[in-house]
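Asks: Take this structure first; my questions come after.
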Amino acid sequence: MELISEKILKGTHLHTITVDKFKTNSLNIYFQQPLVPQEVTYNALLPMIMQRGCQEYKDARLIAKELEYLYGANLIGDISKKGEKHIILFTLTTIALDYLEEPKLMDSALNLMKEVLFRPLIDEGGFDKDYFNQEVSNLESKIKGRVNNKNQYALDRCIEEMCRDENYRLYEYGRLEDLKAINPMKLYNHYEKIINNSPIDIVMVGSMKHQEAKDYIIKKLHLKDRNIEGVSFPEMIAAKEDLNEVSEDMDISQGKLILGYRTQISYQAPLYPALLLYSSILGGGAHSKLFLKVREERSLCYYIYSKVDKFKSIMLISCGIDVAKAEETKAVIADELNEMRLGNITQEEIDNGKEAIITAIQALGDNSNSLAEYTYSQIVGDFYLSPEELANKIRAVSLNDILEVASSIKLDTTYLLGTSKN
Amino acid sequence: MQYDKIIGEAVKEVLYRGKFQNGLEVFFLPKKGYIKKFALFATKFGSNDLVFNRLHDTKVIEVPEGIAHFLEHKMFESQEGNVFDKFAPLGASVNAYTNFNVTAYYFTATNNFYENLKLLISFVQNPYFTDENVEKEKGIITQEIKMYQDNPQWKVFFNLLKAMYHKHPVRIDIAGTEESINRITKEDLYQCYNTFYHPSNMVLFIAGDLEKDKLFNEIEMSFDDQGSKEISSIVRHYPAEATHVKNSLVEEKMIVSTPLFYLGYKEKEIPYDHTNFLKHEAIIRVLLDMVFGRSSDLYEDLYQKGLIDQSFNFDYVRELDYGHSIINGNSRDPHKVKETINNWILNRKKIGLKEEDFIRIKRKQIGENISFYNSIEYIGNSFVGYHFKGLNFMDYLQALKEVTYQDIHQSFINHFSEDLQVLSVINP
């Protein structure tokens, strides 16, 4: 994979990955914002309202028509959090020109993207009122709808409890209590602030070469120099002295158990690759200790896994169980963490864990979205490792490194969703 | 092994096909520049296959609901232990799925491809069921069933199928029920295995940057050390299914914030021949997009009224023995959604759909089909599903290109019939 990164304008970086094996070209534009209570709901609402209409395409139907006509081009805006940064992302995907006789396809698609991003529909100094009201109501349903997916809800709730004094607790789609106070003018002012001051990174994956892409994108998207306000991550936090045990009653068939750990290992630390390997050996798939003990040996669950939250230096274990067996499950999990701490890890487990991670890293290269996402997650952390470099660091991890990780990890919060009534 | 070449000109892909003495067909899609390799070994055996006999054996066998899925779980057990453990040192990610008509085992790997492939072929051909390991699996699958019971999307979908079909087994949950899986024995599993896991009822699909002669040779060698089994056709028995729907409305309460709905249209049988089957599917897919897609005035109307949100979607399923289209989403008032849709369709049937919409949607779906070829997993899974229907997924693009505005018009009149409509709702 060849990546070229360049500051193409004040406040805007372009990162191109030139590959010609895909049927599509993808252009990803990331706006970086701090994740803070007073802005979280504004950020979430923006991509929603921006996709409702712009000056040239006055409603979502006209936007949809244009995208369909361009052989099913895709333009999607959404929001996510990376540590205490709140990221607005717009992705444009178009069919590569080798497959169609449509030389103007890219020009038209970029024009549409420019319109949606930079020429919103404005009425009396604010966003269009009807669109605004509809999208506020849609956002309200979305926030309330968090409960529909029980697995995700349980994970989010565990983080909320674990990080209750940190901004990371905030749900990426915002807070219900903010919706009343927002109005079309305030939202538009927030939009202008982002457009003018937010760091922009553009990740392009496709057949175009960097130099060519650079001039083309600046011209077609009408990009200009901007004075940006940097966004930074806060300090890492240690686990609380006393274990925080939370349970929430909900009448569901299967209980959801989430365990939240503080790792105290930053993504920039030399030990970070060992943390990834630790989590893989413990709960990274069908080769892992938790899968074998909790599922295969004890039949306590169908799914169980652990995962590392890169920017937050925490690790989560998630499983679906019978609520009556929560204590038993916790004990089995604790035993496995203890095994890790005692160094009861075979060379085979280490090798299997390494193979699994390395395969996943190498496989990124076959999916343009994964390539863009990997690239941006290096950029946003201001710490760049190419997939090859990361794979090499994984290969070099020793048993001692894993033991060092094991001694640094501490359980902070347990969260159980379900009911013991049945 | 002999193989021939199928050319997909519009997508600039080539597919190689080989066939073994034992009846197994092998397909290879070369993907230059891809790091991942993907192999999928599938059998035409899904949750719908509950009553069957072999051609030369008149005894009809009936097995418990959920057995195809149970068998899929149990194939990961071998005499030497867990199959996952064998793949792990090779860095492959191995998994499987069962749907209504297919059980598929697959891996993706970046290294050690041929060792992984050998393992895949070997573990799927060597069942190892004991009373003890069958018993152990019941706890795991019970948790899987419970996970789905808490999933409102899954619930609203199966409630729809249960209301739409009187007897066809597509109305039964793929994993079965706690009760039905508890009746499964190792004898049942061997019975199904011996019937459906014969190479002549299976297909092997491979994609990646591989050398085709070496690949076909290696596969041949993997099968060489296996004694050849006699080929015997399978007769599947499905109960006669009435044309009309069982219930037109089904509602249930669950823990959700807003109601979820699935609105389905049951389809009448269509005459099967290779060319018209794919074209029929393409017609209905274009039609659904014209009526319910993001650019339709019906979608705009529903969205403006706050009756639907971004989750609104639609899909079409056409199997040999059944078919239905589904429109789904979240709504504060699903009944109002249905009423709005029905009025719109009634009205539009009088004046017809617009040709400019047809042209645009067709362009959109051509682009979509081309982009599917980015994902070797997607192509593999789709290819195998169509293959078991006697179709080639690579022909779909051509079928789509042949769809005319007149085809759409005729199907619009036929497909959306209110007496073949079912509404399934999950209420808070």
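Asks: Distance cut-off 32 Å, Cα to Cα: go down the list A:Lys180/B:Lys162; A:Lys150/A:Lys310; B:Lys146/B:Lys401 and report the pairs above it.
Replies: A:Lys180/B:Lys162; B:Lys146/B:Lys401
Asks: Compute the helix-to-body angle for B:334-351: its Cα long axis versus the longest principal axis of chain B, expressed 0 to 90° and rounded to tens.
Replies: It works out to around 70 degrees.
Asks: Specify the longest stretch of chain B that does not include any exposed loop site, a site being one of the GluC sites (Glu not before Pro) with a non-H, G, I, E, B DSSP assignment and at most 14 other Cβ atoms within 10 Å.
Replies: Here the longest run is B:270-428.
Asks: Now, a different point. Pull out the extension gain between B:Asn217 and B:Lys336, defined as 0.36 nm times the separation in residues minus the alpha carbon to alpha carbon distance; nm, one decimal.
Replies: Full-extension gain reported as 36.8 nm.
Asks: Still on this structure, I have one more. Can you tell me the length gained on complete extension of the stretch B:Asp297 to B:Asn22, counting 0.36 nm per residue apart and subtracting the Cα distance?
Replies: Net length gain for the segment: 93.6 nm.
Asks: Also, quick follow-up: Would you mind checking A:Lys220/B:Lys364; A:Lys21/A:Lys82; A:Lys312/B:Lys155; A:Lys240/A:Lys307; B:Lys305/B:Lys349; A:Lys7/A:Lys82 for any pair whose Cα atoms are more than 25 angstrom apart?
Replies: A:Lys21/A:Lys82; A:Lys312/B:Lys155
Asks: Same structure again: Once label points are set 7 Å from the Cα along Cα→Cβ at both B:Ser78 and B:Arg236, what is their separation, rounded to one decimal in nm?
Replies: According to this spin-label approximation, the distance is 2.9 nm.
Asks: Another question about this same structure. For helix B:376-387, what angle does its Cα long axis make with the longest principal axis of chain B, in degrees from 0 to 90 and rounded to 10?
Replies: The helix B:376-387 is inclined about 80 degrees to chain B.
Asks: Continuing with the same structure: What list of ³J(HN,Hα) couplings, whole Hz, do you get for the stretch B:303-315 from phi and the Karplus terms 6.51, -1.76, 1.60, once you set θ to phi - 60° and write x for glycine and proline?
Replies: 5, 4, 7, x, 7, 9, 10, 4, 6, 4, 7, 8, 7
Asks: If I take R0 = 60 Å and measure r between the Cβ atoms of A:Asp78 and B:Lys350 in this structure, what FRET efficiency does the formula 1/(1 + (r/R0)^6) give, to the nearest 0.05?
Replies: After rounding to 0.05, the efficiency reads 0.90.
Asks: So how much slack lies between B:Phe372 and B:Asn133, counting 0.36 nm per residue of separation and subtracting their Cα-Cα distance, in nm?
Replies: Taking 0.36 nm per residue and subtracting the Cα distance, the gain is 82.1 nm.
Asks: Using the Cα gyration tensor of the stretch A:1-116, with a ≥ b ≥ c the square roots of its eigenvalues, what is the shape: rounded (a/c below 1.5), prolate (a/b larger than b/c) or oblate (neither)?
Replies: oblate
Asks: Now a separate question. Tell me, which longest segment in chain A has none of the chymotrypsin sites (Phe, Trp or Tyr not before Pro) that fall in DSSP loops with at most 15 further Cβ atoms within 10 Å?
Replies: Counting at most 15 other Cβ atoms within 10 Å as exposed, the longest clean stretch of chain A is A:1-382.
Asks: Counting only other chains, and only Cβ atoms inside 10 Å, what mean value do you get across the residues of B:109-117?
Replies: Taking the mean over all residues of the peptide, I get 2.
Asks: May I ask you to derive the relative contact order of chain B, considering only C-alpha pairs under 8 Å and at least 6 residues apart, and to give it as an integer percent?
Replies: So the answer I get is 21 percent.
Asks: Here's a follow-up. From the square roots a ≥ b ≥ c of the eigenvalues of the alpha-carbon gyration tensor of the protein assembly as shown, which class results: rounded (a/c under 1.5), prolate (a/b over b/c), or oblate?
Replies: Rounded, because the longest to shortest axis ratio a/c is under 1.5.
Asks: Taking 35 Å as R0, compute the FRET efficiency from the Cβ-Cβ separation of B:Ser122 and B:Glu179 and round it to 0.05.
Replies: Once the sixth-power term is evaluated, E becomes 0.55.
Asks: Let me ask something else about it. Taking chain B as a Gaussian network, where each spring joins two C-alpha atoms under 10 Å apart, which residue of B:Leu71, B:Leu302, B:Leu55 fluctuates the most?
Replies: Highest fluctuation of the listed residues: B:Leu55.
Asks: Neighbour counts of other C-beta atoms within 10 Å: give me A:Met250, A:Met106, A:Met185 arranged from fewest to most.
Replies: Neighbour counts put them in this order, fewest first: A:Met185, A:Met250, A:Met106.
Asks: Rounded, prolate or oblate for the stretch B:249-427? Axes are the square roots of the Cα gyration tensor eigenvalues, ordered a ≥ b ≥ c, and the cut-off for rounded is a/c under 1.5.
Replies: Verdict is prolate for the stretch B:249-427.
Asks: Here's a follow-up. To the nearest 10 degrees, how steeply does helix B:186-196 sit against the main Cα axis of chain B, on a 0 to 90 scale?
Replies: It is inclined by approximately 80 degrees.
Asks: Can I ask one more? Could you tell me the relative contact order of the stretch A:3-221? Use alpha-carbon pairs under 8 Å, at least six residues apart, and round to a whole percent.
Replies: Normalised by residue count, the contact order of the stretch A:3-221 is 38 percent.
Asks: Which of B:Ser233, B:Ser424 comes first, and how do the rest follow, when ranked by fewest Cβ neighbours within 10 Å?
Replies: Ascending number of Cβ neighbours within 10 Å: B:Ser233, B:Ser424.
Asks: Determine the relative contact order of the stretch B:3-236: mean sequence separation of Cα pairs under 8 Å and six or more apart, normalised by residue count, in whole percent.
Replies: It comes to 34 percent, rounded to a whole number.
Asks: Fewest to most neighbouring Cβ within 10 Å: what's the order for A:Thr93, B:Thr58, B:Thr142?
Replies: By the 10 Å Cβ count, ascending, the order reads B:Thr58, B:Thr142, A:Thr93.
Bear in mind that the values in this text are calculations on the coordinates, not laboratory data. All figures in this text were calculated on a predicted structure; none of them were measured in a lab. Cβ coordinates were reconstructed from backbone atoms using ideal geometry, including for glycine residues, and neighbour counts include every protein chain displayed.
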